[in-house]
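Scroll down for the structure; my scribbles are underneath it.
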Amino acid sequence: MSTTQTPPVLAAELAQAWADVQRYHPELPDLAAPESLIGESSSACGHELSFERLLHEAVHGIAAARGIRDTSRAGRYHNRRFLAIAEEMGLDHPEEPHPSSGFSLVTLTPEAKRRYRPTVERLQRALKAHSVATTSETSRTFRGPAARHGSSGGGVRVKAVCDCGRNVRVVPSVLAQAPIVCGGCGKPFRIPEAVGAAAG
């Protein structure tokens, strides 16, 4: 799970791309949390965020709105009901179903590529900018061997919470450097244990 806040520009572009799909498919429910498309991924739905991935998730949204069970095996196997809705929305699966994920790996049809060209281009620019920013943040700083080998970088991560109930895992020394603000309620995350420790 990612604890990084989704950049406002990328979140806005994801929301706008979703709204573009809704124009053609009004029954598609609203996207509650754009950051969920970045913070969560599964091998069944595809790891890399792209317009195809967003449209894939929209297929699940339409299926939910219609009360259709479009997957099985704990959400991994995408069945023919998923494929039927995917085809309605401009996605295609030209090959036989995958043994474990079914018709999950769908691709844009030529018609959908034309229809959503401006949307795809806008989202690609936002994703590229996000990728450059996150790559430069990690590649231009030396964080020591602990961080490079997957540890918490010299500290144990603890749970920090905000007023709306969301939480992240963070190294206390990192939180002490500057507040980490919740994108949901706008309040800073805090470590509950720190209150008791300060009083003691």
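The values are calculated or read from the model by the stated rules, or taken from the named source; none is laboratory data. These figures come from a predicted structure and were not determined experimentally. Counting neighbours? That spans all protein chains shown, and the Cβs are built from the backbone with ideal geometry, glycine included. In case anyone asks, the SASA skips ligands and DNA or RNA and just uses the protein heavy atoms, side chains included. Shrake-Rupley method; radii C 1.70, N 1.55, O 1.52, S 1.80 Å.
Label zone (S72, point 7 Å along Cα-to-C-beta; backbone nitrogen cut-off 20 Å) within region 97-129: 97-106.
Rank these residues by their accessible area, most exposed first, probe 1.4 Å: Y24, Y77.
Working: Y24 110, Y77 45 Å².
These residues rank, largest area first, as Y24, Y77.
Starting from 0.36 nm per residue, how many nanometres of slack lie between K187 and A84 once their C-alpha separation is accounted for?
Values: separation 103, 0.36 × 103 = 37.08 nm, distance 4.31 nm.
Result: 32.8 nm gained on full extension.
Rolling a 1.4 Å probe over the protein heavy atoms leaves R117 with an accessible area of roughly 130 Å². Phi angles across region 18-27 convert, under the Karplus curve 6.51 cos²θ - 1.76 cosθ + 1.60 with θ = phi - 60°, into 3J(HN,Hα) values of 4, 5, 4, 5, 4, 4, 8, 9, x, 6 Hz, Gly and Pro given as x.
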